[in-house]
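Before any comments, here is the structure.
The values are calculated or read from the model by the stated rules, or taken from the named source; none is laboratory data. On a predicted model such as this, the values are computed, not experimentally measured, just so you know. Glycine gets a Cβ as well: all are built from the backbone with ideal geometry, and neighbour counts include every protein chain shown. We work out accessible area using only protein heavy atoms, side chains counted, and drop any ligands, DNA or RNA first. Shrake-Rupley method; radii C 1.70, N 1.55, O 1.52, S 1.80 Å.
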Amino acid sequence: MTSSLILTATPADALIDVPRHLVVRGAAPGAHVTLTARTARAGGVVWHAEATFVADADGVVDASRDAPVSGSYHGVSAMGLIWSQVPEDGKSRDVFPQPVMAPLVTTVVAQAGHSAQQEGENVATSSFVSFTQRLAADGVTRREVREDGLVGTLYLPPGDGPYPAVMILNGSGGGINEPRAALYASHGYAAFALGYFKGPGLPDFISNTPLEYFAKGMDWLRRTVKPAHDFVALSGQSRGGELVLLLGAVYPSAVSAVIGYVPSALIHSAQNACDPAIGREGPTWLLDGKPLPHIWENNRTASWAPFDEGPPPHRHAKAMLTALDDPEAVERARIPVEKIRGPVMLLSAQDDGSWPSSRYSRMVTERLAAHAHPYPVEHLDFDHAGHAIVFPYVPTTQLVYAHPVSGKISTGGGEPYANALADERSWTAVQTFLAQAVAQRAQSQGQS
């Protein structure tokens, strides 16, 4: 008697945010079945994860139904073999393809052990399958932008449009956030990833960044894509989360909605992304050529010691918390979010190692409530999650890193499972939030 082990992954080719259904059939009832996933990511580095399951009475293992008995992750998770991956070189952190339009291909191998019921059987004990994750859907186009003094990349959905628009801003690592822009475009948005430091022809540091640069970016986006309903949302993470709230307050007529990933309620100094010649307590944002007051400025309680001292990895949030003990400094540095004229979404993490994004987000929602903000406000706060909230389904295991500007060995906090859950739930919520914001904008303009 012969049996055959069959592994399937559906869908075989889809966007990165689509979960895959991994199923093994043909194993012996009660047999241990090990699934090993390998993905070549940026720079050709292979990331891998493994999980062992027990086949059910029908000889089936279903990763969306079954929890592994051992391996890289615990509990039921359809995409556990992706988010629990670690790099084979032990140090890589970039999980996205280069170039961004390229596919990510994962190969999964199933290997089954024997059981008592298999005596006398000729059993095929291994099988493999591949599936493809993409950041850009078919027809999405990519255009490098090097005009009007702007440095970024524009992603457009297929078709003639018009589309609502989103401008995406990175945090203290700098660069151009193309992965998020590609995925926004794949969901129907004209997505402009705008770099403002650590990009081609841009400053190396975040210090003394003029807000007028971003106003120019929004103007360019409007002229170029003529967004549906004149809708331009801002999406930013970390320092970018601080920045999008600030831009919404400074340029309320230009900003249709704000999405702040692990944001701040306060203006901060340049910190780890500073120009060393200016220092980490120097200003970050300029308006009309003048630095905006920040939390570290004339702060009576702020101290870097909790971040600087002790063995790595360091938690930047510990220093940030000392600054919050000076209420006058806090008030001077508050972003006047009540000036924002549109819906606001905040996504925070309760174990954020970089700064207290949960507390900051509550400060934002409380201030908006106190001023009777007439637009929707949403705040999702993720338990046990850390600073790196992106989107599903990517590895979440590399929590310790050298900051790309300062080189300081730090941790963003969180646990891989909680970070993966935050990635998944936040992205679903963001899509709903944006769709509702666009619909409300259209309605307010008398369009349906």
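Condition test on residue 250, is it closer than 25 Å to residue 428 by Cα, in the same structural domain as residue 377 (by the TED database) and either touching a Leu at 6+ places or on another chain (Cβ under 9 Å) or not aliphatic (A, V, I, L, M) (or both)? Outline the logic, then answer.
On the way: closer than 25 Å to residue 428 by Cα: no; in the same structural domain as residue 377 (by the TED database): yes; either touching a Leu at 6+ places or on another chain (Cβ under 9 Å) or not aliphatic (A, V, I, L, M) (or both): yes.
The answer is no for residue 250.
From (1) in contact with a Lys or Arg (Cβ under 7 Å, 6 or more places away or on another chain); (2) within 17 Å of residue 19 (Cβ to Cβ); (3) aromatic (Phe, Trp, Tyr), pick out the condition that doesn't hold for residue 47.
(2) is the only condition that residue 47 fails.
Quick one: residue 218 ticks every box in (1) farther than 24 Å from residue 188 by Cβ; (2) over 20 Å from the mean Cα position of the chain (by Cα) except a single one, so which number is it?
(1)
Residue 354 - would you say it is part of a loop (DSSP other than H, G, I, E, B) and either surrounded by 16 or more Cβ atoms within 10 Å (Cβ to Cβ) or of a type in the set (Asp, Glu) (or both)?
yes
Out of the stretch 1-22, which residues are surrounded by fewer than 19 Cβ atoms within 10 Å (Cβ to Cβ) and either closer than 17 Å to residue 71 by Cβ or of a type in the set (Asp, Glu) (or both)?
13 - this is the single residue of the stretch 1-22 that is surrounded by fewer than 19 Cβ atoms within 10 Å (Cβ to Cβ) and either closer than 17 Å to residue 71 by Cβ or of a type in the set (Asp, Glu) (or both).
For residue 216, only one of the following conditions fails: (1) touching a strand residue (DSSP E or B) at 6+ places or on another chain (Cβ under 9 Å); (2) part of a loop (DSSP other than H, G, I, E, B). What is its number?
(2)
Hey, does the stretch 290-311 have a residue that's open to solvent by 60 Å² or more (accessible area, probe 1.4 Å) and in contact with a strand residue (DSSP E or B) (Cβ under 8 Å, 6 or more places away or on another chain)?
So the first thing to find is which residues in the stretch 290-311 are open to solvent by 60 Å² or more (accessible area, probe 1.4 Å), and the list is 290-291, 293, 297-298, 300, 309, 311.
Pick out the ones that are also in contact with a strand residue (DSSP E or B) (Cβ under 8 Å, 6 or more places away or on another chain) and you get 291.
Yes: the stretch 290-311 contains one or more residues that are open to solvent by 60 Å² or more (accessible area, probe 1.4 Å) and in contact with a strand residue (DSSP E or B) (Cβ under 8 Å, 6 or more places away or on another chain).
Suppose the filter is farther than 22 Å from residue 335 by Cα and open to solvent by less than 30 Å² (accessible area, probe 1.4 Å); does residue 223 pass it? Before the answer, list the steps.
Values: farther than 22 Å from residue 335 by Cα: yes; open to solvent by less than 30 Å² (accessible area, probe 1.4 Å): no.
Considered against the rule, which asks whether it is farther than 22 Å from residue 335 by Cα and open to solvent by less than 30 Å² (accessible area, probe 1.4 Å), residue 223 comes out as no.
For a quick check of your reading of the model, give me the residue pairs whose first member lies in the stretch 171-191 and is in the same structural domain as residue 392 (by the TED database), whose second is assigned to a helix (DSSP H, G or I) and hydroxyl-bearing (Ser, Thr, Tyr), with beta-carbon atoms closer than 9 Å and at least 6 apart or on different chains.
190/184; 190/224; 191/184
If I ask for residues that are in a loop (DSSP other than H, G, I, E, B) and within 24 Å of the chain's Cα centre (by Cα), which ones from the stretch 228-253 would you list?
Passing the criteria: 231, 238.
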